[in-house]
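Student: My questions all concern the structure below.
The values are calculated or read from the model by the stated rules, or taken from the named source; none is laboratory data. These numbers were taken from a predicted model, which means no experiment stands behind them. Heads up, the Cβs are rebuilt from the backbone with ideal geometry, glycines too, and the neighbour counts pull from every protein chain shown. Heavy atoms of the whole protein, side chains included, go into the accessibility calculation; ligands, DNA and RNA do not. Shrake-Rupley method; radii C 1.70, N 1.55, O 1.52, S 1.80 Å.
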Amino acid sequence: MTDTSTRPATAPTTWQHASAVRSVVELLLGLSFCATVAFGGYAAATGHVQVLAQVAAIVFVTTLVVVLVNWFRAVEASEH
C-alpha cells in the first residue's frame, strides 16, 4: 500500500513552454502523417507505388521516434 499522506491529492498544474524546435518537430509529425495518408491513399487508388508516400512515411516514423524519446526523457527527468 502506498502512503499518500505526504503527497498532495492532485499535482500542481504547471505549463511548460515548448521550445521552437519542439514545436517544429511536432508540426512536422502532424504534417508528415497527413502526407503519408494522402499519398498512400492516392497510391492505393491508382495502383502505383508512390515514392512520396514512402518518403513521407519515413519522415513520420522518424519524427514520431524523436517526439516519443523527448517525451520519455521529460517524464524521466520529472520523476527525479
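Student: Just need a number here: residues in the range 50-80 that are in a loop (DSSP other than H, G, I, E, B) and not polar (S, T, N, Q).
Tutor: Residues that pass the stated criteria total 1.
Student: Another one. Can you find a residue that is farther than 15 Å from W71 by Cα, exposed (fewer than 10 other Cβ atoms within 10 Å of the Cβ) and modelled with pLDDT of 85 or more anywhere in the range 2-9?
Tutor: Within the range 2-9 (the criterion being farther than 15 Å from W71 by Cα, exposed (fewer than 10 other Cβ atoms within 10 Å of the Cβ) and modelled with pLDDT of 85 or more), the answer is no, since none of the residues qualifies.
Student: Determine the pairs where a residue that is on the phi < 0 side of the Ramachandran plot and open to solvent by 70 Å² or more (accessible area, probe 1.4 Å), located within the range 58-71, has a partner that is assigned to a helix (DSSP H, G or I) and basic (K, R) with Cβ atoms under 9 Å apart, the partner being 6 or more residues away or on another chain.
Tutor: Qualifying pairs under 9 Å: N70/R22.
Student: What are the residues in the range 22-37 that are more than 13 Å from the chain's Cα centre (by Cα) and either surrounded by 14 or more Cβ atoms within 10 Å (Cβ to Cβ) or of a type in the set (V, I, T) (or both), if any?
Tutor: Correct list: A35, T36, V37.
Student: Follow-up question, since we're still on this one. Filter the range 38-57 down to residues that are open to solvent by less than 80 Å² (accessible area, probe 1.4 Å) and of a type in the set (F, W, Y), then give me how many there are.
Tutor: Looking only at that region, the number is 1.
Student: State whether one or more residues within the range 24-43 are modelled with pLDDT under 85, at positive phi and either part of a loop (DSSP other than H, G, I, E, B) or among the acidic types (D, E) (or both).
Tutor: Checked against the condition, which is being modelled with pLDDT under 85, at positive phi and either part of a loop (DSSP other than H, G, I, E, B) or among the acidic types (D, E) (or both), the range 24-43 yields no hits at all.
Student: Which pairs have Cβ atoms under 7 Å, sit 6 or more apart or on different chains, and link a residue in the range 38-54 that is free of Cβ contacts under 8 Å to residues at least 40 places away in the same chain to one that is open to solvent by 80 Å² or more (accessible area, probe 1.4 Å)?
Tutor: Here the result reads F39/L52; A43/V49; Q50/Y42, each pair linking the range 38-54 to a residue that is open to solvent by 80 Å² or more (accessible area, probe 1.4 Å).
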